[in-house]
1. Output wanted: per-residue J couplings in Hz (rounded whole) for region 505-522, from phi through Karplus 6.51 cos²θ - 1.76 cosθ + 1.60, θ = phi - 60°, x for Gly and Pro.
2. What shape does region 206-247 have by the C-alpha gyration tensor, where a ≥ b ≥ c are the square roots of the eigenvalues, rounded means a/c under 1.5, and otherwise prolate means a/b greater than b/c and oblate the rest?
3. Let's test this: bin the Cα-Cα distances of region 123-178 at 5 Å from zero up to the farthest pair and state each bin's percent.
4. Go ahead and collect, in residue order, the members of region 422-460 whose backbone nitrogen is under 15 Å from a label point 7 Å along the Cα-Cβ direction of residue 485.
5. If you build the Cα gyration tensor of region 245-389 and take the root of 5 times each eigenvalue, what three semi-axes come out, in whole angstrom, biggest first?
6. How far apart, in nm, are the 7 Å Cα→Cβ label points at residue 110 and residue 143?
7. So if R0 is 30 Å, what FRET efficiency would residue 289 and residue 357 give, r being the distance between their Cβ atoms, rounded to the nearest 0.05?
8. Using the beta-carbon distance between residue 231 and residue 547 and R0 = 56 Å, what value does 1/(1 + (r/R0)^6) give for FRET efficiency, to the nearest 0.05?
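The numbers here are math on the coordinates, done by the rules we state, and not lab data. Quantities reported herein were computed from a predicted structural model and do not represent experimental measurements. Glycine also receives a Cβ, built like all others from the backbone with ideal geometry; neighbour counts cover every protein chain displayed.
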Amino acid sequence: MGPAARRARRAAAILGCGLLAVLAARPARAFTPDTAGAGGAFGTPFPDAGAAAAPGTLTPPDYRYQTFLPLVEGGLPVPGFTIMPTLGLQEEFNDNIFQTEQNRRWDLITVLTPGIALAANTPRLDLTLQYNPSFEYYARTTSENTISQQLAGVASLVVVPRSIFIDARAYASVEPINGGFIGAGGQGAALGGYGYATGTGGFARQTTTQVFGESITPRITHTFGTLGTANLGLTLANTSISATYAGGSGEQNSADLLGSFQSGPVLGRVQNTVSVEAYRATGTTTLGNARRDTVQDQVGYALSRQLQVFVALGYEDISYGGTTAPPVHDMTWQVGFTATPGPHSNLTFSYGHSYGTDGFNVAGSYALTSRTTATISYSRQITTYLQQVAAAVGAAGVNANGVLVNPITGQPIAVGNAALVVENSVSLTTTLEATLTTLLNRDTLALNLSRTDSTPLSAGGFSQADTIGTFSWTRALSTRANLSTNVSYGVTQVPGLTGNSTLFSLAAQFGYALTSRASLSASYQFFRRNSSVAGFSIYDNIVLVGVTERF
């Protein structure tokens with residue numbers, strides 16, 4: 001068994017066997033969608049998820065279990081534990097397997113995907129995990145035969161109610177190295193999305209990297225009456241990539257200790273929050289000996305029940321040993337506000353000085369109607385590719401089909417940015433993302449706009465930027481059949497490397513549940529990239545048909 005397989009098996013064991021063994025004797029409970037905002041492992045769901053539908057219509061699916069695959073009637077987790085082996089067989093036609101502008105080569109690819117799905121729904125444990133390694137066989141180009149690891153899992157364990165918790169995450173996927181991909185097929189082997197059980201998702205083996213991420217977070221919380229609430233958590237994470245654009249691999253082990261104390265009602269309208277962080281990471285190349293120490297004191301004042309203003313003052317110490325990235329030893333400050341106009345709407349805006357520069361941060365979600373939600377986020381940070389993977393995995397929820405999703409919108413999230421090049425360097429990265437989602441009885445409509453800018457801080461890095469718009473529409477044709485479409489357009493700028501590119505992707509997928517355990521799927525994707533760099537412009541067509549059996 002190779003290192004990749006051992007790492008995937010270890011991650012699955014962290015999420016599955018250990019937690020299941022601890023709680024196997026616990027009584028089961030009926031699952032109830034969380035409409036009060038507690039969220040469990042999944043965060044705040046859609047306001048009226050699970051609401052009764054009019055006779056003859058489909059019940060709107062819960063955001064936490066939204067998917068681009070067929071929705072199975074009554075698809076929420078069964079109380080207790082579920083262990084389900086799966087087997088998928090797909091046939092793929094790709095008319096440009098090497099993604100080349102000239103000398104295009106087509107092939108038929110047979111993909112065999114055994115797997116295991118674990119689910120737990122008990123008073124103390126929420127767990128969803130899917131592990132699906134894909135074995136790919138090329139009819140004409142056997143040198144491309146490969147095995148791709150695919151894993152997605154989220155678990156939350158209540159050790160002591162209201163006091164001690166353990167969260168765990170695991171992820172494995174194949175991502176393109178050279179960037180320049182968007183749309184439903186742009187995330188490689190994202191479980192459950194386009195490319196489900198297709199291993200490298202149509203990318204040439206030589207231009208992909210195997211990505212792994214796993215973390216476990218024990219955390220403690222305690223409320224001291226009206227004085228306030230203390231929180232303490234330690235996240236232990238491991239992330240790795242098998243290849244980068246410049247060659248070589250990368251691995252990072254990190255420990256992130258977070259502590260805070262937030263005052264309670266004793267101060268009336270005033271709320272004081274003191275937070276500290278101690279982050280350490282060791283790894284290869286530019287990832288060695290990273291550290292981040294921060295302390296901050298934030299004082300807020302409630303002008304009303306719906307509006308709080310705040311100021312914050314702190315200090316940060318950030319460095320990446322073994323690189324040319326300059327360290328940051330600096331005071332930090334912020335001014336801003338938090339607005340909560342409704343039980344399912346909130347917005348936090350702040351402007352200040354952090355990471356050695358001035359800028360603002362935004363995070364918010366607003367329920368425009370009972371079915372339409374708008375979300376926005378803007379953030380900036382000094383980070384590396386593997387740190388971004390760890391952060392994305394740590395914040396993700398997962399739906400019933402194993403797709404990593406944003407726990408608020410239910411839309412699939414990208415652990416890596418397939419539009420940009422995978423590099424082993426330290427960068428100052430800013431990310432803007434806005435999403436508008438409408439959930440109807442039979443349809444899910446989503447519009448997403450994103451912008452990423454990455455400025456290198458260490459030698460060997462390069463500037464990158466992308467702007468991408470994506471519209472997706474999923475239609476439940478019946479309780480057995482589901483149709484989804486996805487169209488994306490974007491531009492990327494990578495000066496001196498892949499140049500300026502325009503990207504277009506169009507994809508459609510149809511799924512049909514033959515029985516409660518067997519399903520058919522068929523999909524098509526067209527992708528086009530026009531680049532200012534000779535040889536980087538391509539187009540390809542991918543057709544996929546398959547069957548999946550759950551035992």
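1. Along region 505-522, the couplings run 9, 9, 9, 9, 9, 10, x, 9, 8, 5, 9, 5, 10, 10, 9, 10, 9, 8 Hz.
2. Note, shape of region 206-247 comes out prolate.
3. Once binned at 5 Å, the Cα pair distances of region 123-178 give 5, 15, 16, 15, 13, 10, 8, 7, 5, 4, 2, 1.
4. Only 443-447 fall inside the zone, counting backbone N under 15 Å.
5. Semi-axes (√(5λ), whole Å): 33, 20, 13.
6. 2.2
7. 0.85
8. Approximately 0.75, to the nearest 0.05.
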